[in-house]
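To keep things clear, I will list the structure first and then write my remarks on it.
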Amino acid sequence: MPEDIISLIQESVIQGRITKDDEGMDEGMIGQPGVTELVERAPASGLSIQNIITKGLSGGMNIVGQKFEAGEYFIPDMLASAEAVSAAMKILQPRFAASNIKTKGTIIVATVKDDLHDIGKNIVSILLRGAGYTVKDLGNNIDTQVIVDAVREEKPQFLGLSALLTSTMARMADVIQMLEENGLRDQVKIIVGGAPVSEEFAKSIGADGYGADGFQAIAVVEDLASGTES
Amino acid sequence: MPREGILVDRPYERLTREQVELIHQVSMQILTDPGLISFNREAVDILHSHGAAVESIAGDHQSWQVKIPEQLVLKALDTAPRIVKLGARNPDNTLIMHGDEPRVYFITGSETNIWLDVDFPIYVSKADPTREIRVPEFKPRRGTVDDLCQSAHVCEHLEMADGYIRTVNIQDRDITEDNKDVNKFFASLNNNTKHFMSGLTSLKQLDNVVRMAELVAGGKKALEDNPIISFITCLVKSPLQFVDDTTATFIEVCRRGLPVAVSSSPQAGTTAPIKEAGIIAQINAEVLAGITLGQLVKPGTPVLYGSVPVRARMDTLGDSYGSVETSQYNIDCVQMARFYGIPNYSTSGVCDTKIPGQQSSIERLFSDIVVAMSGPQYLHCAFGLLDCNSVFCLLQAVLDDAHFKMIKFFLRQPRIDQPEMEAVLKQIRAVVTTPQKLYIGYIRPLLRSGEISGIYPFEGSGETDDVFELAYERMKELLARPVEHIDRETTSRIFEEIPGILPRLNIYERGS
Amino acid sequence: MKGGVSVSKDIIATIKENVIQGRKTQEDVGIDDSLAGTAGVVELTQQALGKNISPQVIITDGLTAGMQVVGERFSTKEYFIPDMLASAEAVGAAMDIMKPALESANVETKGKFAIATVKGDIHDIGKNIVAILLKGSGYEVHDLGIDVPTEKVVEFVREEKPGYLGLSALLTTTMTEMGVVIKALEENKLRSSVKVLIGGAAVSEEFAQEIGADAYCVDAFDAVRVLEGY
Ligand code: B12
Ligand code: B12
């Protein structure tokens with residue numbers, strides 16, 4: 001019975017169905033429970049939060065990743081699945097403390113001051129949430145000061161900055177400098193991205209990582225996370 | 001279930017109604033003065049017995065001046081079917097053409113002498129010997145029966161190819177005028193289950209190929225109901241002449257009631273006036289004369305209004321299919337045919353250049369798009385043809401298939417109606433309230449429904465152009481995919497009853 | 001007499017100019033309308049003969065010199081085939097006019113050229129171009145027409161003794177007819193009396209060799225070149 005629920009959770013992640021009203025990928029799914037209904041029900045049937053996350057949600061996401069690589073899934077499919085995972089995580093969040101589980105960590109993301117581009121940043125947020133991170137999205141056109149304040153208050157493990165204009169790229173350096181001035185630089189890993197940004201640029205401003213797309217964003221964060229632990 | 005083709009809801013037209021009527025009037029005037037010169041006696045007799053004025057012309061070859069009155073043409077247009085069905089070995093590949101419905105079918109063509117092989121030799125950079133690139137090289141050679149089999153095979157799997165016209169002229173040593181027709185028909189029918197259209201090399205072979213079609217279709221009656229083959233005859237030689245042998249073939253095909261494209265291919269500048277008004281009035285007269293003859297031979301026999309107008313190339317006076325005017329002429333003819341309500345056979349996609357590449361892509365795509373937009377029912381020539389129709393390249397045909405997919409997608413009708421509007425209004429209102437303001441979630445239900453066009457299938461990666469290589473891979477893939485051949489029993493009956501088919505074409509007897 | 005020389009020079013120069021313009025008669029417009037309404041090559045040739053200018057001079061300094069310029073303009077792509085043909089037709093018409101004069105002056109023409117599209121084949125655009133251009137190059141061209149039976153070709157060679165025979169075929173099924181003609185010429189012991197040139201989209205250099213023709217020509221200019229070589 002619990003096994004059944006795990007595979008149902010997996011399936012709803014693969015289908016990208018958040019609630020019972022979602023269509024999903026295949027036909028005839030409407031009406032069947034989505035990932036939120038399943039996750040709400042799961043602890044009652046004796047499933048540990050750990051299992052729900054690793055076997056159900058991450059297990060589902062793994063399959064989605066494989067389908068994407070095989071060309072069977074497209075980005076919109078991937079995003080739907082990621083959103084399903086993040087909806088499930090939201091429900092599970094209050095129980096983390098109780099069950100003493102370490103979440104994968106918190107990430108603050110923002111598009112820098114004077115830059116209104118946010119499609120890429122939003123995709124990155126959704127995918128990171130889907131990968132199990134707690135993402136706090138500050139939005140776009142965000143003051144350097146606001147970003148620094150958020151780091152001070154929220155104490156995230158990661159900070160993701162996005163910039164799409166060559167004229168706003170420099171704001172990323174400003175953020176890093178102000179974090180240093182405020183003695184906050186060491187407590188957060190900074191990753192940057194956006195079309196004009198490059199690996200070299202990331203190094204030159206002293207960021208910890210660069211992601212060319214949403215999938216790299218996850219990979220870089222995971223790398224940095226394991227680096228932190230060791 | 002016939003093939004769908006693509007219905008062009010609001011076809012592109014160049015001519016106003018007044019212009020169409022004016023062309024019709026002038027065509028009628030042309031048919032009475034100067035009229036037509038016929039080198040074929042029987043055609044003269046038939047037309048004469050129905051009221052055409054006939055006068056013998058002195059000269060080496062017997063010929064007659066024939067003046068066709070308008071009533072005769074109008075009567076023929078009355079008996080010519082508005083709907084022509086082109087059957088297929090696989091009934092799912094049937095084509096139904098309504099003269100007044102601009103539903104486009106994309107079909108291959110036509111008989112080129114040269115087959116273009118492709119190879120990808122590796123070149124090393126002089127500046128950087130570690131850098132290697134593969135460059136496509138094209139090698140022309142004369143076409144063979146084997147090539148025809150390959151072409152029919154690949155075209156069977158080309159999703160957009162709605163029908164098949166033999167793409168290559170078979171010139172093997174053991175092919176003669178007497179066995180050419182049976183071999184080209186067999187090679188094509190055996191490797192392709194779509195409708196097959198062809199010209200006839202020798203009238204003597206007509207009964208043999210019709211018999212072959214009967215055997216494949218399952219009998220005389222079956223062929224009548226499901227005409228898996230049709231013919232194209234260039235009975236007209238521009239300006240305004242009925243050729244002796246092709247007219248004889250045309251008359252015999254009409255007698256048998258099989259569908260036939262009445263085709264004329266005037267060249268603006270040499271065999272027709274260079275001006276649009278002139279070539280259209282002339283070709284229209286020529287095609288109507290052919291249709292009239294056909295309907296007099298057998299009222300109600302299915303005909304296609306076959307128009308292959310081209311402009312001359314000014315440096316060779318060969319056909320310039322790549323010229324912009326060629327597309328204009330074809331579009332005008334499509335409109336004329338629709339005016340008469342007769343399904344149209346038109347041409348696009350042939351390029352002037354000799355090899356696939358930039359020029360080829362631009363020339364063919366240009367005419368493919370604009371002519372398709374005008375809504376011809378039978379759009380021929382479109383796959384793989386190069387060098388003003390002298391060269392066929394299978395790789396190019398594979399590329400063309402991808403491009404037709406884009407064109408077909410483009411021609412779909414927009415869906416804008418009340419329920420659709422209500423749905424999108426709901427979407428808009430929902431999305432703007434979300435923090436991310438993205439509609440991505442709404443893509444999904446459409447992603448696999450065919451409602452979103454695909455990425456270009458031969459897109460390479462990085463800074464190299466891999467289109468040819470990827471298309472070549474695709475071509476090999478399609479060649480490796482099996483086709484449904486004619487069954488063993490029918491094959492042996494065909495070989496027993498019909499003389500002249502090369503034994504090596506019998507897949508069941510190979511190697512023995 | 002002094003004036004006579006300059007008049008003859010004027011007429012010849014005007015003939016040349018009209019050849020370049022491709023103006024056969026007074027009615028022709030030419031390439032631009034600078035000469036519209038003035039005498040064309042035909043009228044000018046008649047005038048020149050009337051003034052007792054020798055046909056030799058008309059040909060070399062007027063017609064051929066004009067064609068030379070036309071050829072150059074064609075190779076620099078300033079002229080197109082229709083221009084070339086108009087000029088060749090003008091020259092051809094002038095040659096017709098001068099025929100009696102040439103015969104009585106015992107001037108040798110470049111030779112007789114018979115041309116035909118073979119039996120079963122009705123394509124004639126290419127053949128006609130060849131005929132016009134050769135006529136314009138000074139050959140006495142006899143066009144036997146299309147779909148010409150082998151016997152008729154042989155008979156013509158026997159009776160009229162042309163130095164050259166051109167055969168055209170556009171179909172792979174009719175090109176073999178060329179071999180048949182050559183065989184028939186051999187059987188009638190006429191083969192050595194005539195050079196056989198073949199052309200048309202279906203044929204090739206190899207095919208010409210195979211059937212024992214003297215030359216294969218890709219186009220009409222090639223035919224001119226080949227004949228000049230004999
Ligand atoms: C869409 C778009 C817009 C939209 C933005 C809509 C929106 N909601 O974001 C609109 C129309 C509003 C817009 C406006 C402008 N734009 Co604009 N825009 C674009 C465009 C076409 C696509 C950007 C995009 O969304 N890409 C798709 C997403 C999925 O990709 P992405 O953003 O690169 O994100 C991916 C990765 O980069 C990475 N990533 C991104 N961020 C992050 C962050 C982290 C932490 C990590 C790890 C990874 C990561 O992962 C993402 C997912 O795979 C680009 C062209 C381009 N080639 O990028 C121009 C472009 C960026 N825009 C440009 C310009 C000039 C402008 C304007 C100034 C135009 C004007 N004159 O008004 C304004 C700027 C307004 C402003 N102040 O910001 C120029 C910038 C040139 C330059 N000087 O740098 C570009 C390059 C276009 C061009 N070639 O001219 N634009
Ligand atoms: C125009 C044309 C026609 C016109 C002919 C009009 C006319 N007045 O000639 C019409 C529409 C009537 C026609 C009919 C047919 N045609 Co047709 N036609 C063509 C086309 C498109 C162009 C030929 C042409 O005029 N080219 C322009 C001229 C300027 O070039 P050219 O002829 O090659 O001549 C030049 C050189 O070759 C050379 N040359 C030529 N002859 C000679 C001779 C000598 C002595 C020399 C020195 C040089 C020389 O100099 C010329 C000038 O530069 C060709 C395609 C092609 N690529 O050739 C098909 C083509 C030749 N036709 C073809 C076919 C199949 C036919 C038909 C059988 C169709 C049918 N099913 O009814 C009938 C034939 C009927 C018959 N019994 O002959 C096929 C032949 C395939 C094969 N089996 O060999 C071709 C190749 C088209 C194709 N790809 O399908 N055709």
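The values are calculated or read from the model by the stated rules, or taken from the named source; none is laboratory data. All of these numbers come straight from a predicted model, not from anything done at the bench. With ideal geometry, Cβ positions are generated from the backbone for all residues, glycine too; neighbour counts draw on all protein chains shown. For the accessible areas, the whole protein counts, side chains as well, though only heavy atoms, and no ligand, DNA or RNA atoms are used. Shrake-Rupley method; radii C 1.70, N 1.55, O 1.52, S 1.80 Å.
Using a Gaussian network for chain A with springs between C-alpha atoms less than 10 Å apart, which of these wobbles most: A:ILE108, A:ILE75, A:ILE218?
In this elastic network of chain A, the residue with the biggest mean-square fluctuation among A:ILE108, A:ILE75, A:ILE218 is A:ILE75.
Excluding ligands, DNA and RNA, what is the accessible area buried between chains B and C, summed over both sides, using a 1.4 Å probe, to the nearest 100 Å²?
Numbers: alone 23290 and 11590 Å², together 33430 Å².
Interface area, both chains combined: 1500 Å², rounded to the nearest 100.
Quick one: Karplus J couplings for segment A:157-164, per residue in order, coefficients 6.51, -1.76, 1.60, θ = phi - 60°, nearest Hz, x for Gly and Pro?
6, 10, 10, x, 10, 10, 8, 10
So which lysines pass the test for C:LYS127, namely a Cα distance under 18 Å, with those fewer than 8 places away in the same chain ruled out?
B:LYS237, C:LYS112, C:LYS119, C:LYS135, C:LYS152, C:LYS195
If you average 1/r across every pair of different Cα atoms in segment C:2-104 and take the reciprocal, what Kirkwood value do you get, in Å?
Details: mean 1/r = 0.0746 Å⁻¹.
Kirkwood hydrodynamic radius for segment C:2-104: 13.4 Å.
Against the longest principal axis of chain A, how steep is helix A:170-181, in degrees 0 to 90 to the nearest 10, with axes from Cα atoms?
80 degrees
On a 0 to 90 degree scale, rounded to 10, what angle separates helix A:144-154 from the longest Cα axis of chain A?
Rounded to the nearest ten degrees, it is 50.
Tell me the volume per residue, in Å³, of the convex hull enclosing the alpha carbons of segment B:395-512.
Working: hull volume 26.6 nm³, N = 118.
Hull volume over Cα atoms, normalised by residue count, gives 225 Å³.
Using a Förster distance of 41 angstrom, determine the FRET efficiency expected from the C-beta separation of C:ASP10 and B:LYS298, and round it to 0.05.
On the way: r = 67 Å, r/R0 = 1.65.
Plugging the Cβ-Cβ distance into 1/(1 + (r/R0)^6) gives 0.05.
Please work out the Cα center distance from segment B:28-67 to segment B:427-486, rounded to the nearest Å.
57 Å
A:GLU153 versus A:ARG41, label points 7 Å from Cα toward the beta carbon: distance in nm?
If labels sit at A:GLU153 and A:ARG41, their model points lie 3.9 nm apart.
Under a plain spin-label model, where a point goes 7 Å from the Cα along Cα-to-Cβ, how far apart in nm are B:ARG10 and B:LYS220?
Result: 5.1 nm between the two label points.
For a test of the definition: using alpha carbon positions, the gyration tensor, and the 1.5 limit on a/c, classify segment A:106-226 as rounded, prolate or oblate.
Numbers: a/c = 1.25, a/b = 1.06, b/c = 1.17.
Judged from the Cα gyration tensor, segment A:106-226 comes out rounded (a/c under 1.5).
In the Gaussian network model of chain C, springs joining C-alpha atoms below 10 Å, which of C:ALA169, C:ALA94, C:ALA36 carries the largest mean-square fluctuation?
C:ALA36
How much accessible area does B:HIS48 have with a 1.4 Å probe, in Å² rounded to the nearest 10?
110 Å²
Going from most exposed to least, what order do B:LYS194, A:LYS203, B:LYS405 have by accessible area with a 1.4 Å probe?
Working: B:LYS194 10, A:LYS203 150, B:LYS405 100 Å².
The ranking, largest first, comes out as A:LYS203, B:LYS405, B:LYS194.
What does the convex hull of the alpha-carbon atoms of segment A:2-95 project to on average, in nm²? If you can, show how the numbers build up before the last one.
Numbers: hull surface 21.7 nm².
Averaged projected area of segment A:2-95's Cα convex hull equals 5.4 nm².
Enter the mean projected area of the convex hull around the alpha-carbon atoms of chain C, in nm², rounded to one decimal.
Seen from a random direction, the Cα hull of chain C projects 13.4 nm² on average.
Determine how many Å³ per residue the convex hull of the Cα atoms of chain A encloses. Don't skip to the answer; put the middle values down first.
Values: hull volume 29.9 nm³, N = 230.
Dividing the Cα hull volume of chain A by its residues yields 130 Å³.
For segment B:242-280, which trypsin sites (Lys or Arg not before Pro) are both in a DSSP coil and crowded by at most 12 other Cβ atoms within 10 Å? All intermediate terms of the calculation are to be shown ahead of the outcome.
On the way: sites: B:ARG255, B:ARG256, B:LYS275; in loops: B:ARG256, B:LYS275.
Here the trypsin sites (Lys or Arg not before Pro) that fit, given the DSSP loop and packing criteria, are B:LYS275.
If you take the charge dipole of chain B about its Cα centre, with +1 on Lys and Arg Cβ and -1 on Asp and Glu Cβ, which of B:GLY306, B:GLY462, B:CYS381 is farthest toward its positive end?
Value: B:GLY462.
Applying 1/(1 + (r/R0)^6) with R0 = 30 Å to the Cβ-Cβ distance of C:ARG225 and B:ARG141, what FRET efficiency is obtained, to the nearest 0.05? It would help to have the intermediate numbers written out before the result.
Details: r = 27 Å, r/R0 = 0.89.
Approximately 0.65, to the nearest 0.05.
Under Stokes-Einstein, with the Kirkwood radius over Cα pairs standing in for Rh, what whole-number D in µm²/s applies to segment B:139-242 at 10 °C and 1.306 mPa s?
Details: Rh = 14.6 Å.
D = 109 µm²/s.
Using only the Cα atoms of segment B:14-54, each taken as one equal point scatterer with no solvent, compute I(q) by the Debye sum, divide by I(0), and report log10 of the ratio at q = 0.26 Å⁻¹.
Computed log10 I(q)/I(0) values: -0.85.
In peptide B:312-322, how many Cβ atoms from other protein chains are near each Cβ within 10 Å, on average?
Values: counts 4, 2, 6, 7, 7, 11, 5, 1, 0, 0, 0.
Neighbouring Cβ atoms belonging to other protein chains average 4 per residue here.
Calculate log10 I(q)/I(0) of segment B:43-146 for q = 0.12 Å⁻¹, where I(q) comes from the Debye formula with a single equal point scatterer on each Cα and nothing for solvent.
Log-scaled intensity ratios, in q order: -0.85.
Using a 1.4 angstrom probe with every protein chain in place, what is the largest-first accessible-area order of B:PHE410, A:PHE215, B:PHE185?
Values: B:PHE410 130, A:PHE215 60, B:PHE185 0 Å².
Reading off the accessible areas and sorting them downward yields B:PHE410, A:PHE215, B:PHE185.
Leaving out ligands, DNA and RNA, what percent of the accessible area of chain B is carbon and sulfur, probe 1.4 Å?
Working: 11660 of 21950 Å².
That fraction is 53 percent.
Calculate the radius of gyration of the Cα atoms of segment B:63-116 to one decimal place, then report Dmax, the largest Cα-Cα distance, as a whole number, both in Å.
Gyration radius and largest Cα-Cα distance of segment B:63-116: 17.5, 48 Å.
Rounded to the nearest 100 Å², what's the accessible area chains B and A bury against each other, both chains counted, probe 1.4 Å? Please report the intermediate quantities before stating the final value.
Working: alone 23290 and 11240 Å², together 33460 Å².
Summing both chains' loss of accessible area gives about 1100 Å².
What percent antiparallel are the DSSP beta bridges of segment B:230-385, to the nearest 5?
On the way: 4 of 20 bridges.
Approximately 20 percent, going by the DSSP bridge assignments.
Taking all protein chains in place and a 1.4 Å probe, what share, in percent, of the accessible surface of chain A do carbon and sulfur account for? Numbers along the way, then the final one.
Numbers: 5460 of 10770 Å².
Ligands and nucleic acids excluded, carbon and sulfur reach 51 percent.
Would you be so kind as to identify which of A:GLY46, A:ILE18, A:PRO76 lies farthest towards the positive end of the dipole of segment A:1-114, taking Lys and Arg as +1 and Asp and Glu as -1 on Cβ and the Cα centre as origin?
A:GLY46
For segment C:129-205, give the magnitude of the charge dipole about the Cα centre (Cβ charges: +1 Lys/Arg, -1 Asp/Glu; no others), in debye to the nearest 20. Display every interim value, and only then the final one.
Values: 8 positive and 11 negative charges, 43 e Å.
Its charge dipole is roughly 200 debye.
Which order do the peptides B:85-92, C:44-51 come out in when sorted by mean C-beta neighbours inside 10 angstrom, highest first?
Working: B:85-92: 19.9, C:44-51: 18.2.
In descending order of packing, they fall as B:85-92, C:44-51.
Based on the alpha-carbon set only, what is the convex hull volume of segment C:112-228 divided per residue, in Å³? Before the final figure, lay out each step's value.
Numbers: hull volume 9.5 nm³, N = 117.
Considering the Cα atoms of segment C:112-228, their hull volume per residue is 81 Å³.
With every atom except the alpha carbons ignored, what do you get for Rg and Dmax of segment B:439-503, in angstroms?
Gyration radius and largest Cα-Cα distance of segment B:439-503: 21.9, 65 Å.
Between A:ARG41, A:ARG171, A:ARG129, find the one with the highest GNM mean-square fluctuation for chain A; connect C-alpha pairs within less than 10 Å.
Among A:ARG41, A:ARG171, A:ARG129, the largest GNM mean-square fluctuation belongs to A:ARG41.
Would you list C:PHE221, B:PHE409, C:PHE207 from the most to the least accessible area, probe 1.4 Å? If you can, show how the numbers build up before the last one.
Details: C:PHE221 45, B:PHE409 65, C:PHE207 20 Å².
The ordering from most to least exposed comes out as B:PHE409, C:PHE221, C:PHE207.
Per the Debye formula with a single identical scatterer at each Cα and no solvent contribution, what log10 I(q)/I(0) holds for segment C:49-157 at q = 0.10, 0.19 Å⁻¹?
-0.35, -0.99
Shielding by partners for B:432-441, please: the mean number of other protein chain Cβ atoms within 10 Å of each residue's Cβ. Spell out each step's value before the answer.
Values: counts 0, 0, 1, 5, 11, 3, 7, 1, 11, 8.
Counting other chains' Cβ atoms within 10 Å and averaging over B:432-441 gives 5.
Restricting attention to the alpha-carbon atoms of chain B, what are Rg (one decimal) and Dmax (integer), both in Å?
Every Cα atom of chain B included, Rg and Dmax give 24.3, 88 Å.
With charges set only on the Cβ (+1 for Lys and Arg, -1 for Asp and Glu), what does the dipole of the protein assembly as shown come to about its Cα centre, in debye to the nearest 20? Show your work: numbers first, answer last.
Numbers: 93 positive and 134 negative charges, 117 e Å.
Here the size comes out at about 560 debye.
If the viscosity is 0.890 mPa s and the temperature 25 °C, what Stokes-Einstein diffusion coefficient in µm²/s follows for segment B:316-400 when Rh is the Kirkwood radius over Cα pairs? Could the numbers behind the result be given before it?
Numbers: Rh = 12.7 Å.
D = 193 µm²/s.
Per residue, what accessible area does segment A:106-226 have, given a 1.4 Å probe and all protein chains present, in Å²? If you can, show how the numbers build up before the last one.
Details: 5100 Å² over 121 residues.
Accessible area per residue: 42 Å².
At 24 angstrom or more along the helix axis (alpha-carbon based) and mean Kyte-Doolittle of 0.0 or higher, what helices does chain C contain? Whole DSSP H runs only. Can you show the working numbers first?
Numbers: long enough: C:2-21 (29 Å, 0.18); C:81-104 (34 Å, 0.59).
Counting only whole DSSP H runs, the qualifying helices are C:2-21, C:81-104.
Within 10 Å of each Cβ of C:143-151, how many other protein chain Cβ atoms are there on average?
Values: counts 0, 1, 3, 5, 6, 2, 1, 0, 0.
Per residue, the number of nearby Cβ atoms from other chains is 2 on average.
Based on alpha-carbon atoms only, what is the radius of gyration of segment B:194-293 relative to the globular estimate 2.2 N^0.38 Å? Intermediate results must be reported in sequence, preceding the final value.
Values: Rg = 15.4 Å, N = 100, 2.2 N^0.38 = 12.7 Å.
Dividing the Cα Rg of segment B:194-293 by 2.2 N^0.38 Å gives 1.22.
If I fit a long axis through the Cα atoms of helix A:2-15 and take the longest principal axis of the Cα atoms of chain A, what angle between them do I get, 0 to 90°, rounded to 10?
The angle comes out near 50 degrees.
Compute the orientation-averaged projected area for the protein assembly as shown from the convex hull of its Cα atoms and round it to one decimal in nm². Numbers along the way, then the final one.
Values: hull surface 224.9 nm².
The directionally averaged projection comes out at 56.2 nm².
For the protein assembly as shown, give me the percentage of DSSP beta bridges that are antiparallel, rounded to the nearest 5 percent.
Details: 29 of 94 bridges.
The antiparallel fraction comes to roughly 30 percent.
Given a Förster radius of 30 Å and the C-beta distance between C:THR64 and C:GLU155 as r, what FRET efficiency does 1/(1 + (r/R0)^6) yield to the nearest 0.05?
Numbers: r = 33 Å, r/R0 = 1.10.
So, using R0 = 30 Å, E works out to roughly 0.35.
What chymotrypsin sites (Phe, Trp or Tyr not before Pro) does segment B:1-77 have in DSSP loop regions with at most 16 other beta carbons within 10 Å? Please list the in-between numbers first.
Values: sites: B:TYR12, B:PHE39, B:TRP64; in loops: B:TYR12, B:PHE39.
Passing both the DSSP loop test and the Cβ count: B:TYR12.
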